[in-house]
Amino acid sequence: MTRALVCVLLATTYFLPNARADENTERAVSVREANLYVSPDTSSQKLGVIERGREVAVLEHSGQQWLHVLASLGGEREVSGWVLDKGLVRKTTPNGDQILFGEGADSESEASRRGGRRGADKDALRLYYRVAEYFPNSPLAGEAAYRSADIAWQLDVEDMRRRPSAQEKDPYMRHQMDEEQMRKVMKKYPNTKWADLAAFDLIDNKLCGDWQGDPKCPEKETSLYEKYAADHPQSPKAAEALYDAAWRQSALIEIYRERQDQKKQEESRAHAIQLAQRIPQQFANSDFAYRAQRLLYLLQQKIPTYGNVTD
């Protein structure tokens, strides 16, 4: 996605429909795909479909079944029409936070499934965002805010990787992911696992594309991951950060070998071993503890972990 398209996505995901509605207007979030009609009658003309996670502003009621609403239908299209009052979660809905979060989790699962519903990832993004917006005091708010931001981030990462500039060595020469939502999570939920996870994602914007054999890239990236592990020792990503740092030092062994720099080569080996040894000590019985043991074995056997890994 270009930055302009990212802005459009975020705008249509997060911003409220304001035409003919004000701050006192009743609002609700759809947890299903709902048809929007020209009049309160299912046989009337359909104006479009309200997707999961889309917000509607309620303009008037017609009996107990129908609502006249202003709805965002995607892009910059806001349409006034009639919808059945079914599957619309308000701030007053009992367990509304859990319902929205559950629909978000279901959509996220659907998005990960082969042949899953088209657009389910963006449905999940919107639904999680609404949990934090509608129910800011919910115990689910922080996690929902992070999940929404992370889905947007991963979509942006996929877009970045499809671009030719993804192979640029300098990270600032390639597409940068939009950091706004991640930084909001860190600001609103400081000293939580969600802030820790958001900070880990932000490292992506500082990583090189193709190292092109330049030791400065893995050296810099090692420092980024070491600093993260030091600053966020309780993070669910702390073990991964240490492993990422250790692996980059192991890669430097081969880079310095190609440069015939024996001193730097041995320094990198020692640094890689020191980092890898910390992981099973601090994070025993984790996947990264076992991966670190594997890495230590490769280092002790002097088996390359980067470049040409066959003798």
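Descriptive notes on the structure:
- Checking each residue of region 231-243 against the condition of being modelled with pLDDT under 95, among the acidic types (Asp, Glu) and over 19 Å from the mean Cα position of the chain (by Cα) gives no match.
- Residue among 161, 174, 147 that is closer than 25 Å to residue 119 by Cα, of a type outside the set (A, V, I, L, M) and without any contact (Cβ under 8 Å) to a residue 40 or more places away in the chain: 161
- Flag if residue 179 is modelled with pLDDT of 95 or more, surrounded by fewer than 18 Cβ atoms within 10 Å (Cβ to Cβ) and touching a helix residue (DSSP H, G or I) at 6+ places or on another chain (Cβ under 7 Å): yes
Yes or no, residue by residue, for (1) acidic (Asp, Glu); (2) not in a helix (DSSP H, G or I):
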{"position": "176", "(1), (2)": "no, yes"}
{"position": "183", "(1), (2)": "no, no"}
{"position": "187", "(1), (2)": "no, no"}
{"position": "190", "(1), (2)": "no, yes"}
{"position": "196", "(1), (2)": "yes, no"}
{"position": "200", "(1), (2)": "no, no"}
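- Lone qualifier among 250, 235 - being hydroxyl-bearing (Ser, Thr, Tyr) and in a helix (DSSP H, G or I): 250
- Positions within region 88-119 being of a type in the set (A, V, I, L, M) and closer than 18 Å to residue 34 by Cα, in sequence order: 88, 89, 99, 100
- Put simply, of 293, 281, 260 the only residue that is more than 24 Å from residue 211 (Cα to Cα) and either aliphatic (A, V, I, L, M) or loosely packed, with under 12 Cβ neighbours inside 10 Å (or both) is 281.
- Condition met for residue 298 (in the same structural domain as residue 230 (by TED's automatic domain parsing), crowded, with 19+ Cβ neighbours inside 10 Å and not basic (Lys, Arg)): no
- When 269, 248 are screened for being in contact with a Leu (Cβ under 7 Å, 6 or more places away or on another chain), surrounded by 16 or more Cβ atoms within 10 Å (Cβ to Cβ) and charged (D, E, K, R), only 269 passes.
- Checked across region 128-137, the condition of being more than 29 Å from residue 176 (Cβ to Cβ) and surrounded by 15 or more Cβ atoms within 10 Å (Cβ to Cβ) holds for at least one residue.
This table checks each residue for (1) within 24 Å of residue 120 (Cα to Cα); (2) in contact (Cβ under 8 Å) with a residue 60 or more places away in the chain; (3) touching a Cys at 6+ places or on another chain (Cβ under 9 Å); (4) surrounded by 17 or more Cβ atoms within 10 Å (Cβ to Cβ).
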| position | (1), (2), (3), (4) |
| --- | --- |
| 165 | no, no, no, no |
| 183 | no, no, no, no |
| 198 | yes, no, no, yes |
| 201 | yes, no, no, yes |
| 214 | no, no, yes, no |
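- Whichever residue in region 99-141 is more than 20 Å from residue 153 (Cβ to Cβ) and touching a Ser or Thr at 6+ places or on another chain (Cβ under 8 Å) and, among such residues, is modelled with the highest pLDDT: 99
The values are calculated or read from the model by the stated rules, or taken from the named source; none is laboratory data. Just so it is clear, the model here is predicted, and its values are computed rather than measured. Cβ coordinates were reconstructed from backbone atoms using ideal geometry, including for glycine residues, and neighbour counts include every protein chain displayed.
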